[in-house]
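Chemist: First the structure, then my questions, so here it is.
The values are calculated or read from the model by the stated rules, or taken from the named source; none is laboratory data. This is a predicted model, so every value here is computed, not measured. Quick reminder, even Gly has a Cβ in these numbers, built from the backbone with ideal geometry, and neighbours come from all protein chains shown. For accessibility, only protein heavy atoms count, side chains too; no ligands or nucleic acids. Shrake-Rupley method; radii C 1.70, N 1.55, O 1.52, S 1.80 Å.
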Amino acid sequence: MAERTDRTTSPEPLSGGVTTTSPGARVRSPGVEATVQIQDGAKLKEELAAALKESVRPVLVVMGGIDVGKRIAIAGTVELGRDPGCDVVLGDAGVSWRHARIEDRGDAWAVVDLGSTNGTIVRGQPVREAILAPGDTVILGRTVLRFDLRDKLEQALDQELQRMLDIDDLSGLFVRRKFDRELEVMIQTARSFGGCVGMLCMDMDGVKRINDTHGHLFGAYVIGETGRVIGRVLGGRGIAARFGGDEFVAALPGLDTARAAQVGVEILQAVNAHPYGKDGIALRPGISIGVASFPADASDPVGLFARADQALYRAKQSGKNRVSL
């Protein structure tokens, strides 16, 4: 009897890795995945919407007001206002303590007014609530916001632009405007909860001599290095900015004058111990530091800076390279 061949279990290969079988056979070529059957169209729609939402995020761009240029990435429902406890804190005096809420409604984003004094305006009209579309303007007090949606590339661009706005390239610390905004929030928080904020005004010693002897590139080097030393000493205890030239300022939430002075001593010691050197030339700058705190020495940011600056002057007059109260 001739040998029987079972073609349902022995498919014949064709070119391209495709096989043929008899009807009813269930054979799949190696490396070819099975097709997933769609059981629930609504579920698929939800999954696609979630994937799209994950790749495109909302952002508020401050177009007018004291925070102009700021980009605020939104992840979920957030509240906006002057209250330091808000998700988005705005320093505009025309903004209410808790002014408005941006709501994530799943398939849309909406703004809801929270009973603010000056109201919420969308597309030029006062609203209690409104669905937002990309490009819409939202006005809270004197702050003008633009609502936009950003893909991942645009989000990365926003982050870099925000860094360029907020960070001093030479020192790696905040620029003055960013520092001032953050200090205002610190003072508001301390005032609301009975806390304190320490301030350090710092001025480098010997930079002019370095500039005159070695050139301004050497002076810029020691200024940048000192900014990085200050940042490392502060760690997460506070914020600092290059105030201008070779001057720096730091704010220390939760620290009174005495404890802020201790941080000042740490900075002084770190600067004096740092191995400044460029192109084989050893450099020896110093730093003078003045200390004050809210509310013991002043009741607002302007007054606090003035008191710390006066203490800095005393440090300079007493021989430089020291901390003064």
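Chemist: For region 236-275, name all the residues that are part of a helix (DSSP H, G or I), among the β-branched types (V, I, T) and open to solvent by less than 40 Å² (accessible area, probe 1.4 Å).
Modeler: T257, V263, I267, V271
Chemist: Does S288 count as at pLDDT below 95, touching a strand residue (DSSP E or B) at 6+ places or on another chain (Cβ under 8 Å) and hydroxyl-bearing (S, T, Y)?
Modeler: no
Chemist: If you check G231, G236, G280, which single one turns out to be without any contact (Cβ under 8 Å) to a residue 24 or more places away in the chain, of a type outside the set (A, V, I, L, M, F, W, C), within 24 Å of C196 (Cβ to Cβ) and out of contact with any helix residue (DSSP H, G or I) (no Cβ under 9 Å at 6 or more places or on another chain)?
Modeler: Matching residue, one of G231, G236, G280: G236.
Chemist: Of everything in region 206-229 that's of a type in the set (A, V, I, L, M) and in contact with a Lys or Arg (Cβ under 9 Å, 6 or more places away or on another chain), which residue is surrounded by the fewest Cβ atoms within 10 Å (Cβ to Cβ)?
Modeler: Across region 206-229, the extreme among qualifying residues is L217.
Chemist: Name every residue in region 60-87 that is part of a loop (DSSP other than H, G, I, E, B), of a type in the set (V, I, T) and either crowded, with 16+ Cβ neighbours inside 10 Å or at pLDDT 85 or above (or both), in order of residue number.
Modeler: Correct list: I66, I74, T77.
Chemist: Next up: Considering region 88-117 alone, what residues qualify as being at pLDDT below 90, farther than 19 Å from V56 by Cβ and of a type outside the set (V, I, T)?
Modeler: L90, G91, D92, A93
Chemist: Go through region 143-202 and give me each residue that's open to solvent by 20 Å² or more (accessible area, probe 1.4 Å), within 28 Å of N321 (Cβ to Cβ) and of a type in the set (S, T, N, Q).
Modeler: Within region 143-202, no residue meets the criteria.
Chemist: Here's a follow-up. Filter region 122-173 down to the residues that are touching a helix residue (DSSP H, G or I) at 6+ places or on another chain (Cβ under 6 Å) and free of Cβ contacts under 8 Å to residues at least 60 places away in the same chain, then identify the one that is nearest to I72 (Cα to Cα).
Modeler: Only one residue tops the list, namely D166.
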